[in-house]
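Every read-out reported here was derived from the displayed coordinates using simple, explicitly stated rules and does not represent laboratory data. Model, not experiment: these values are computed from the prediction. Positions of Cβ are backbone-derived with ideal geometry, glycine not excepted, and every protein chain shown enters the neighbour counts.
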């Protein structure tokens, strides 16, 4: 138990991330009947594990250090930046990858030879980010 209390600020967020990513693999298995281990470390999808992880640690810090502490402020700003990036920059990069893949696959439209398709699922919808943040808040309150 001493190990957990010493490292809970690392253990809980990493377990939260791992559990959500594992859920995504299992959900895809149920939907497609195929195991896609790339989902374990892949970005995107429901819910946002990045949002859950950062909100969980921010909540844990808020509980232990107080919501007026500099550490809590840092954790909240970090969580907000991660969530903004997830549903802003990375989401739009995924949309661009989808369009580029369509252009490359359209005969006669380009002479570019591509061996590998661009990854399209790298961002989140705002709803996926909110659900991830709610999960992170609940995890942070519990632990």
For the chain, take the longest principal axis of its alpha carbons; what is the angle in degrees between that and the long axis of helix 49-65, to the nearest 10 within 0 to 90?
10
With r as the distance between the Cβ atoms of residue 18 and residue 38 and R0 = 25 Å, compute the FRET efficiency 1/(1 + (r/R0)^6) and round to 0.05.
0.95
Modelled label-to-label distance, residue 134 and residue 65, 7 Å Cα→beta-carbon offset: nm?
2.8
Order by protection proxy (mean Cβ within 10 Å, highest first), peptides 95-101, 132-138:
132-138, 95-101
By how many degrees, 0 to 90 and rounded to 10, does the Cα axis of helix 70-87 deviate from the longest principal axis of the chain?
20
Each label point is 7 Å from the Cα along the Cα-to-Cβ direction; what then is the distance between the points at residue 80 and residue 96, in nm?
2.5
Quote the relative contact order of the chain in percent (integer), defining contacts as alpha-carbon pairs under 8 Å separated by 6+ residues.
32
Compute the Cα gyration tensor for the stretch 1-96, then decide on rounded, prolate or oblate, letting a ≥ b ≥ c be the square roots of its eigenvalues: rounded whenever a/c is under 1.5, prolate when a/b is larger than b/c in the other cases, and oblate in all that remain.
oblate
Computed, not fitted: 222 nm per-residue ellipticity of the chain from DSSP H runs ≥ 4 (each -39500 (n - 2.57)), nearest 500, equal to -24000 deg cm²/dmol
With Cα coordinates, the longest principal axis of the chain makes an angle with the long axis of helix 126-142, in degrees rounded to 10, of 30
